[in-house]
Amino acid sequence: MVFYTPFCEPRPIRLCEETRRFAWESLQGKYGDEARTYSAVSLDHIPGFSELSEVEKYNIAIAEIAKNAPVRICKEEKVCGSATLGGAIDHVVPAFYQGRPVFRSVSHLTLNFATVLKRGVNALENDIIERSKDDTLTDAQKATLDSFQKAIAAMRVYHKRYLQAAKTAKPEAYQALLRVPFAPPRTFFEAVQSLWFTFSFVRLCGNWPGLGRIDEMLGGYLEKDLARGTLTIDEAREILAGFFIKGCEWIQSSPVPGSGDAQHYQNIILGGTNENGEDVTNEVSYLVLDVVEELAISDFPITVRVNSKMPRRFLERVAQVMRHGGGIVAVYNEDLVLQALERIGYDKKEALSFANDGCWEVQIPGKTNFHYVPFDSLRILLNDTLRLNTDSPAHFESIESLYIAFRKNLKNTVDKICADAIKEFADFCEHPEKGVCSVISVFEQDCIQRAKGYQNGGTVYRVVSPHIGGAPDVGNSLLAIQKLVFEEKKVSFDDLMRILQNNWEGAEALRLYALNHYTYYGNDDDEADAYTTRVIDDFGDMVEAWQGKSPIIFTGGVSTFGRQIEWAPFRLATPFGKRKGDILSGNDSPTPGTDTEGATAMIRSYCKADLKKMGTGAALDVKLAPGTLKGENGVAALVALIEGFCRLGGYFMQLDVVDAKTLKRAQENPEAYKTLSVRVSGWNARFVTLDREWQNMIIERTEKNSL
């Protein structure tokens, strides 16, 4: 069993052979294949099902899942609980009526797992019972609370089935599961079991939640066990490895190729400061890194909250793990994120609890209903502003008049997104039967107290984040027009528009000049970076202008999440020399091939925008060649890069260590590289599960952006 690494040194071995074999089988797709054989429970036998209300249908669906989903106990597993229904892999509640799913499920959120550990699910059920005694509740609120209670009842049914299965098959796990997750755990083992069982039940019901600050939640339990001498570090590592391996249960040996197999939004946060301003790094933080370093498990993407109080030793361990590639570990600049959250109205104590939504967009865990709305700003420039998709392209006498027109069109897009979000939220609040998801709502703060669902105004916060894509491509396009037309006068404005409409046909010399002669975004050139910076800053102001107009928190973000692939066929040729259909910039990163001055220059360009305006984040992707990170100097260089990113005012950086030659070999011989993971966007994926188009995008950006 060799867990792939692009680094020149093999992955370390710390775990026992049985645990490593369990990981290997899981990563090869044994349990994902098994889940696909039993996609969902059937609701066809329920009398009058089609005539029931939405909440009644949901209650029955969850009850049937709890009663009938397969129970799986693996010989090697340390913790019990499994999401065994394959329909959940498809982001639906895996209970089908007449062969079709009845409910979509929920993602892009992190649940209130910390309360499950501190108080237990029994306490949540007691909260529901007490709230239900209120005589002023409406019928809709009563039905909502009843649905919450039925969700917990279903969880008890599934828990009982696992107890029965584990009693003889896994006595140690049985003992740990007796108490949790309904009562607070007393030991590290019980805490891990409580967290996993809760997560796996929510996941079994089709939802894809993030886990949040795992080291802050579990660190205290491990510290006490170590002090009492009831557990060793090696034993704790085996338990935690069991948690991570169970999270690979949706991997399939031969999935349908697409955008990757590991994007189930189950991200984890490490490090950072707590509400008292104390750094939370502890033994669990190090053990998590140990596990992913050894087993190459990328299904729980990790983001480290880097801050000045973080132990230097831990940051060095982060760098050591990053060298093995897979894009498994990314970084937040905690200071900048906190400033961004306070800017949109969170108090400092609340902001300090931030995690993410299971991807990389920042939110307050267990309290936030979050939606992001992506759009392509390059199409706004090419179609709405330059009107290249019409018979009468626009004409502008100056680059500034062009930018003013673009900015107006950009504002129209932002205003429509925000106005539509307000209408949609009002509709969901007025119609509580919409978006029923009680399994989620139980674990979101204030849903019980308000007697409202997660989608219906029950959460503490409702956040809507327009996400701009293609901003670097817009910046490069504006710079090229400024240079070609208004400064160097290589071509008239109208002639350039016709050339772009003809996809640069007959103007190859000019295309190559535009493509190669100018310095573009990503090279720490103030002139080259100015337009991209201006677009992002203006966009942030446009979104912030909607603050206070409704209960919704509006804040911007910069992302593509791979949409540059699906956008490509609808984009026309760009003024900076790219042809129609070319795959361009990802997230807030330079257009592939336009950055030539190294990682530090790229980071400096990215940090010139006021990223505090991006309350949910702005992602920068950095590719590093494995050969540049050898030895202690390699670790020191990577640590310095991270620290420089934070000092310069970066927000979120996804580092990956990979070389294009390896990716090409994997493309041609996938069976030999089944565990090779790459960072795609907010998720990691095993490279061989990407379709050819996605693979080519990763290869191209690796060839052109590796430093």
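Values in this text are rule-based calculations from the coordinates and carry no lab data. Values in this document were obtained by computation on a predicted structure and should not be read as measured data. Cβ placement follows ideal geometry from the backbone for every residue including glycine, while neighbour counts extend to all protein chains displayed.
The table for this structure:
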quantity	calculated
Qualifying trypsin sites (Lys or Arg not before Pro) for segment 455-564 [loop in DSSP, other Cβ within 10 Å: at most 16]	Lys489, Lys490, Lys549
Per-residue ³J(HN,Hα) for segment 359-365, Karplus 6.51 cos²θ - 1.76 cosθ + 1.60, θ = phi - 60°, Hz, x for Gly and Pro	10, 10, 6, 6, 7, 8, x
Angle in degrees between helix 233-246 and the longest Cα principal axis of the chain, rounded to the nearest 10	70
Listed peptides 143-155, 49-61 by packing density, highest first (mean Cβ within 10 Å)	143-155, 49-61
Largest-first ellipsoid semi-axes for segment 1-141, taking √(5λ) over the Cα gyration tensor eigenvalues, angstrom	37, 23, 14
Among Leu163, Gln149, Gly557 - extreme Cα towards positive end, dipole of the chain, charges at beta-carbon	Leu163
Cα→Cβ-extended label distance, 7 Å offset, between Ser398 and Val460, nm	4.9
FRET E, pair Ala530, Lys167, Förster distance 60 Å, beta-carbon r, rounded to 0.05	0.35
Estimated inter-spin distance, Glu275 and Glu693, nm [label 7 Å along Cα→Cβ]	4.6
Only Lys, Arg (+1) and Asp, Glu (-1) charged, at Cβ; the chain dipole about Cα centre in debye	1120
Selection from Ala609, Thr628, Ser585 lying farthest towards where the dipole of segment 571-646 points positive, charges on Cβ	Ser585
Qualifying trypsin sites (Lys or Arg not before Pro) in segment 604-697, DSSP loop, other Cβ atoms within 10 Å at most 15	Lys630
Inverse of mean 1/r across different Cα pairs in segment 388-482, Kirkwood, Å	16.8
Stokes-Einstein D for the chain, Kirkwood Rh over Cα pairs, 37 °C, 0.692 mPa s (µm²/s)	125
Global form of segment 357-439, assessed from the alpha-carbon gyration tensor, a/c cut-off 1.5	prolate
Segment Glu350-Glu316, length gained on full extension (0.36 nm per residue, minus Cα span)	9.4 nm
Test item: Cα-centred dipole of segment 49-206, Lys/Arg +1 and Asp/Glu -1 on Cβ, debye	640
Evaluated at q = 0.17, 0.21 Å⁻¹: base-10 log I(q)/I(0), Debye formula over Cα of segment 141-246	-0.87, -1.22
Which of Phe314, Phe645 has the fewest Cβ neighbours within 10 Å, and the rest in rising order	Phe314, Phe645
Between 0 and 90°, nearest 10: helix 399-430 axis offset from the chain longest Cα axis	20
For the chain, calculated [θ]222 nm from helices alone, where every DSSP H run of n ≥ 4 adds -39500 (n - 2.57)	-14000 deg cm²/dmol
Residues Tyr97, Tyr4 arranged by fewest to most Cβ contacts within 10 Å	Tyr97, Tyr4
Computed label-point distance, nm, for sites Ala625 and Ala227 using a 7 Å Cα→Cβ extension	5.0
Residues Glu424 and Thr138, FRET efficiency given R0 of 30 Å [Cβ-Cβ distance, rounded to 0.05]	0.90
Cα-based convex hull volume of segment 49-206 per residue, rounded to whole Å³	121
Ascending count of other beta-carbon atoms within 10 Å, so fewest first, for Ser194, Ser254	Ser254, Ser194
Additional length obtainable on full extension of the chain from Asp494 to Phe49, 0.36 nm per residue less Cα span	153.9 nm
Full-stretch length increase - Thr37, Asp415 - with 0.36 nm per residue and alpha-carbon distance subtracted	131.5 nm
Angle between the chain longest axis and helix 692-705 axis [Cα atoms, degrees, rounded to 10]	60
Debye, to nearest 20: dipole size of segment 245-322, +1 on Lys, Arg Cβ, -1 on Asp, Glu Cβ	220
Mean projected area in nm² (Cα convex hull; one quarter of hull surface) for segment 80-128	5.1
Given Lys118/Lys246; Lys118/Lys160; Lys75/Lys160; Lys578/Lys623; Lys30/Lys623; Lys367/Lys612, the pairs whose alpha carbons are separated by over 25 Å	Lys30/Lys623
Calculated FRET efficiency for the pair His517/Cys16, C-beta based, R₀ 41 Å, to 0.05	0.10
Rg/Rh ratio calculated on Cα atoms of segment 368-591 (Kirkwood radius)	1.08
Cα radius of gyration and Dmax for segment 263-328 (Å)	11.9, 34
Of the trypsin sites (Lys or Arg not before Pro) in segment 237-345, those whose Cβ has at most 15 other Cβ within 10 Å and which sit in DSSP loop	Lys309
